[in-house]
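Colleague: Got a structure for you, written out below as structure tokens; questions coming shortly.
The values are calculated or read from the model by the stated rules, or taken from the named source; none is laboratory data. None of the values given here were measured: they were computed from a predicted structure. Neighbour counts run over all protein chains shown; Cβ positions are idealised from the backbone, glycine included.
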Amino acid sequence: MLVTGLVDSRLWLVDDTEAGIQLRPIGDCKEERPSTWLGPGLVDLQVNGVKGIDFNHPDLKVEDLVRAAEYLRRRGVLQFYPTVITNSVESTLRLLETIATACGRYPHLRRAVAGIHLEGPFISPEDGARGAHPRDCVRAPDVDLFRRFQEAANGSIRLLTLAAEWESTPEFVRQCRSWNVVVALGHSLANGDQIRAAVDAGASLSTHLGNGVPLMLPRHPNVIWDQLGEAELWASFIADGHHLPDSFLRAAIAAKAEKAILVSDATAFAGCQPGKYKAHIGGQVELSAEGRLSMAEDIRFLAGAARTLDENVAYLYTRGIVPFERAWSMASAGPRALMDLAPPPPEEWLLYEVEDGGLHIKEVAQIL
């Protein structure tokens with residue numbers, strides 16, 4: 001489909017009339033589904049894997065990145081940040097080298113991979129905050145070690161998640177910012193003063209706020225409230241229907257306003273059939289028909305996320321948490337603004353339909 005004229009980053013309703021294709025801003029489109037829309041592609045800042053491909057598996061291959069990017073593109077995610085979590089130094093270096101090699105070999109993949117998200121190893125070692133990250137690989141922020149990671153990644157680490165409570169965190173954050181690395185706070189039990197010190201040093205994002213914390217926290221203050229109260233911090237949320245209740249999503253998104261964004265935090269099981277699987281990290285897991293990924297031995301406990309970013313957008317909209325235009329912006333314009341990405345080129349605009357509670361990507365539009 002060809003669309004003539006300058007189109008900004010808003011969503012547009014597409015009317016196919018006798019005079020040709022007509023565009024009009026959608027506003028709140030709740031009353032207009034199913035319809036055809038035109039909008040910029042999605043950007044996912046946190047993808048651990050997809051469709052059986054694990055970005056943290058020691059056997060990760062160059063071709064795996066290509067297949068993952070192709071699958072995500074079919075889901076409307078045209079740029080993403082492969083996420084490497086806490087691991088041994090040797091394994092981390094090898095994974096970063098593989099991703100960098102893949103991007104260097106395939107120009108289209110280099111465009112799809114906007115950068116690497118390094119989630120750890122500079123996180124909290126405490127249970128609850130640490131999540132599934134292996135304790136024995138957690139360490140305090142180390143500039144020299146990060147420099148090794150960045151060299152292995154050919155300079156492509158653009159986002160780093162760490163805990164704010166380490167004594168060395170503020171100076172480490174300042175150094176990362178001097179290298180144009182966006183620093184996020186996550187998997188942390190920091191107090192308000194420690195969070196403020198990290199923000200003053202340049203931290204600008206809360207990673208999957210509401211997750212990566214113990215099940216029980218003080219009523220107040222606590223690490224969630226302290227981050228919500230920091231006006232300078234953006235916040236990413238997993239809106240898959242399993243990680244966060246709707247009430248928290250409504251309140252937290254309202255608190256963060258235009259600085260609220262979506263991430264999938266998808267694992268290798270996103271896009272897979274329901275069933276039991278063995279995870280590289282975490283052991284036996286079970287994927288339900290509803291997309292809930294749980295520990296097989298006790299399904300009360302989550303084992304990661306198994307829905308892609310488009311499904312997170314659809315969840316926010318169909319549950320009435322935010323209007324569709326806002327949900328799409330949280331997964332497209334918002335991440336672009338945070339990461340200072342260039343406006344989407346013509347080949348990254350999508351035609352899609354909203355129907356049956358989900359998004360259906362129809363084709364890539366060409367803007368003339």
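Colleague: Val285 passes all but one of (1) in contact (Cβ under 8 Å) with a residue 40 or more places away in the chain; (2) buried (at least 22 other Cβ atoms within 10 Å of the Cβ); (3) assigned to a strand (DSSP E or B); which number fails?
Modeller: (1)
Colleague: Being closer than 23 Å to Asn211 by Cβ and part of a loop (DSSP other than H, G, I, E, B), is that true of even one residue in the stretch 356-366?
Modeller: No: the stretch 356-366 contains no residue that is closer than 23 Å to Asn211 by Cβ and part of a loop (DSSP other than H, G, I, E, B).
Colleague: Hey, Leu338 hits all of (1) over 15 Å from the mean Cα position of the chain (by Cα); (2) over 21 Å from Arg75 (Cα atoms); (3) not in a loop (DSSP other than H, G, I, E, B) but one; which does it fall short on?
Modeller: Going through (1) over 15 Å from the mean Cα position of the chain (by Cα); (2) over 21 Å from Arg75 (Cα atoms); (3) not in a loop (DSSP other than H, G, I, E, B) one by one, Leu338 breaks only (1).
Colleague: Mind counting the residues in the stretch 197-237 that are part of a helix (DSSP H, G or I) and farther than 20 Å from Ala260 by Cβ? Spell out how you get there, then give the answer.
Modeller: At the first step, the residues of the stretch 197-237 found to be part of a helix (DSSP H, G or I) are 197-201, 223-228.
Imposing the further condition that a residue be farther than 20 Å from Ala260 by Cβ reduces the set to 197, 200-201.
Going through the stretch 197-237 one residue at a time, the tally reaches 3.
For (1) assigned to a loop (DSSP other than H, G, I, E, B); (2) acidic (Asp, Glu), each residue gets a yes or a no:
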position	(1), (2)
Arg148	no, no
Asn154	yes, no
Ala184	no, no
Asp193	no, yes
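Colleague: Kindly indicate which of Glu290, Glu347 is out of contact with any helix residue (DSSP H, G or I) (no Cβ under 7 Å at 6 or more places or on another chain), part of a loop (DSSP other than H, G, I, E, B) and surrounded by fewer than 19 Cβ atoms within 10 Å (Cβ to Cβ). It would help to see each step written out before you state the result.
Modeller: Details: Glu347 fails: part of a loop (DSSP other than H, G, I, E, B).
None of the others qualify; the one that does is Glu290.
Colleague: For Leu118, all conditions in the list (1) under 30 Å from Gly283 (Cβ atoms); (2) in a strand (DSSP E or B); (3) touching an Asp or Glu at 6+ places or on another chain (Cβ under 8 Å) hold save one; what is the number of the exception?
Modeller: (3)
Colleague: Considering only the stretch 331-354, I want to know if a residue exists there that is touching a residue at least 60 places away in the same chain (Cβ under 8 Å), touching an Asp or Glu at 6+ places or on another chain (Cβ under 8 Å), of a type in the set (Gly, Ala, Ser) and within 24 Å of Ile53 (Cβ to Cβ). Break it down stepwise before answering.
Modeller: Within the stretch 331-354, the first condition is being touching a residue at least 60 places away in the same chain (Cβ under 8 Å), and the residues that meet it are 331-336, 338-339, 341, 343-344, 348-354.
So of that shortlist, the ones also touching an Asp or Glu at 6+ places or on another chain (Cβ under 8 Å) come out as 331, 334-335, 350-351.
Then drop every residue that is not of a type in the set (Gly, Ala, Ser), which leaves 331, 334.
Retained after the next criterion (residues that are within 24 Å of Ile53 (Cβ to Cβ)): 331.
Yes.
Colleague: Now, a different point. So the check is Cβ under 9 Å with 6+ separation or different chains; which pairs have a first residue in the stretch 264-279 that's not assigned by TED's automatic domain parsing to the domain that holds Asp54 and in a loop (DSSP other than H, G, I, E, B) and a second one that's crowded, with 24+ Cβ neighbours inside 10 Å and charged (D, E, K, R)?
Modeller: Every condition considered, no pair remains.
Colleague: Still on this structure: Please work out if Arg105 is surrounded by fewer than 23 Cβ atoms within 10 Å (Cβ to Cβ), assigned by TED's automatic domain parsing to the domain that holds Val181 and either over 18 Å from the mean Cα position of the chain (by Cα) or modelled with pLDDT of 95 or more (or both).
Modeller: Values: surrounded by fewer than 23 Cβ atoms within 10 Å (Cβ to Cβ): yes; assigned by TED's automatic domain parsing to the domain that holds Val181: yes; either over 18 Å from the mean Cα position of the chain (by Cα) or modelled with pLDDT of 95 or more (or both): yes.
In short, yes.
Colleague: Restrict the check to the stretch 159-170 and report whether at least one residue is within 20 Å of the chain's Cα centre (by Cα), polar (S, T, N, Q) and either in the same structural domain as Asp226 (by TED's automatic domain parsing) or modelled with pLDDT of 95 or more (or both).
Modeller: Yes, there is a match, as at least one residue in the stretch 159-170 is within 20 Å of the chain's Cα centre (by Cα), polar (S, T, N, Q) and either in the same structural domain as Asp226 (by TED's automatic domain parsing) or modelled with pLDDT of 95 or more (or both).
Colleague: Any residue in the stretch 315-323 that is closer than 21 Å to Ala270 by Cα and buried (at least 24 other Cβ atoms within 10 Å of the Cβ)?
Modeller: Checking the stretch 315-323: at least one residue is closer than 21 Å to Ala270 by Cα and buried (at least 24 other Cβ atoms within 10 Å of the Cβ).
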